[in-house]
Amino acid sequence: MVDLANAHCAGCKEKLVGEVIRVGESDHFHVDCFKCAKCESALASAGFFARGSNYYCSEDYHELFGTRCVVCSKFIEGEGFTVQGRSYHTACFKCSQCGGNFSSGSRVLFEEGKPICETCRNKSVSASRTTCKGCQKDITGRSVVAMECDWHVECFVCHYCKGSLTGEYMVKDGFPYCESDYLNLFGQKCKICAEFIVGRVLQAGGVSYHNACLRCHVCKAAFAEGQEIFTQDGIFWHTECEPYLEGMGTESGSEYFDEDREGDIVGLESADVTDIEEQLDELKVEEN
């Protein structure tokens, strides 16, 4: 029992006189001294919260120490709980997809930290299930993303040799090929060096050449795209170089220059064939 005659105010520390308020088991205040520790608003006729040896109005207490509901962002007063580090009002804890309440004993699952009911979870899993482009079966575990489709790792193989494609690959008519088979099946070879042409191809007289291989027989310079050139017996020369062809140690009736035999005039064309930098794609492996 506190002897109020000798007691002091917990606020101003002066001797208690006049109207006194008792708070808790042992704190006594003058009515005017019982204030919020932060805003100093009167607490004698309002609700208050205690924290340590201090007392706060409801607004300041929640602002300083309160917990907000992750759904409605309001402070939790009354019924609430925390699960997986996130706090909820009891009434706000619902399935994040369908908005339904969780019945007593129902299974609560979490997706990206949000609660989801078992029904919505099953729908989500079904919708996200991917099908292999190769075997048309569902993919579980590791998969390959290539040609804007998903594949089982073991199903992504060269369409011709059936070898596994683990790195770069090439595409023809919607099918993947290893580089070797693609070139052997669809590549063009240079008439001069007999190597496959990768990148730009020059075509003259219906024959394909590397740009570096096709040169003027007279000046040894390359030909420009669309340029008019002469060709005869597999020899090519610029039209402006024709006057010099006879003086290259060949006689007038040689196979390269014959006044009784006119050379064919052809136009030089340039086209894209197997361009590895554009055709080669890289695989992306994902984990389902």
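The values are calculated or read from the model by the stated rules, or taken from the named source; none is laboratory data. Predicted model only: the values in this text are computed from it and were never measured. Don't worry about glycine lacking a Cβ; one is built from the backbone with ideal geometry, like all the others, and counts go over all protein chains shown. Areas reflect the complete protein model, heavy atoms only, side chains present, ligands, DNA and RNA absent. Shrake-Rupley method; radii C 1.70, N 1.55, O 1.52, S 1.80 Å.
Here are the numbers:
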read-out: Residue in segment 41-56 that is at pLDDT below 85, exposed (fewer than 11 other Cβ atoms within 10 Å of the Cβ), farther than 30 Å from residue 122 by Cα and in contact with a His (Cβ under 7 Å, 6 or more places away or on another chain) present; value: no
read-out: Condition check for residue 120: free of Cβ contacts under 8 Å to residues at least 40 places away in the same chain, out of contact with any Lys or Arg (no Cβ under 8 Å at 6 or more places or on another chain) and part of a loop (DSSP other than H, G, I, E, B); value: no
read-out: Sole residue being acidic (Asp, Glu), under 52 Å from the mean Cα position of the chain (by Cα) and open to solvent by 50 Å² or more (accessible area, probe 1.4 Å), chosen from 25, 77, 14; value: 77
read-out: Failed item in (1) free of Cβ contacts under 8 Å to residues at least 24 places away in the same chain; (2) closer than 29 Å to residue 206 by Cβ; (3) open to solvent by 90 Å² or more (accessible area, probe 1.4 Å), with residue 160 passing the rest; value: (1)
read-out: Wholly enclosed strands (runs of 3 or more DSSP E) of segment 10-100 bearing at least 1 residues more than 30 Å from residue 116 (Cα to Cα) and without any contact (Cβ under 8 Å) to a residue 60 or more places away in the chain; value: 20-23, 27-30, 48-51, 54-57
read-out: Segment 167-176, subset in contact (Cβ under 8 Å) with a residue 12 or more places away in the chain and open to solvent by 20 Å² or more (accessible area, probe 1.4 Å), residue farthest from residue 145 (Cα to Cα); value: 172
read-out: Criterion: within 30 Å of residue 72 (Cα to Cα), more than 25 Å from the chain's Cα centre (by Cα) and of a type in the set (A, V, I, L, M, F, W, C) - qualifying residue of 193, 161, 95, 135; value: 95
read-out: Whichever residue in segment 186-211 is assigned to a loop (DSSP other than H, G, I, E, B) and open to solvent by 70 Å² or more (accessible area, probe 1.4 Å) and, among such residues, is modelled with the lowest pLDDT; value: 206
read-out: In segment 57-74, the residues that are touching a helix residue (DSSP H, G or I) at 6+ places or on another chain (Cβ under 7 Å) and either closer than 26 Å to residue 7 by Cβ or open to solvent by less than 70 Å² (accessible area, probe 1.4 Å) (or both); value: 69, 72
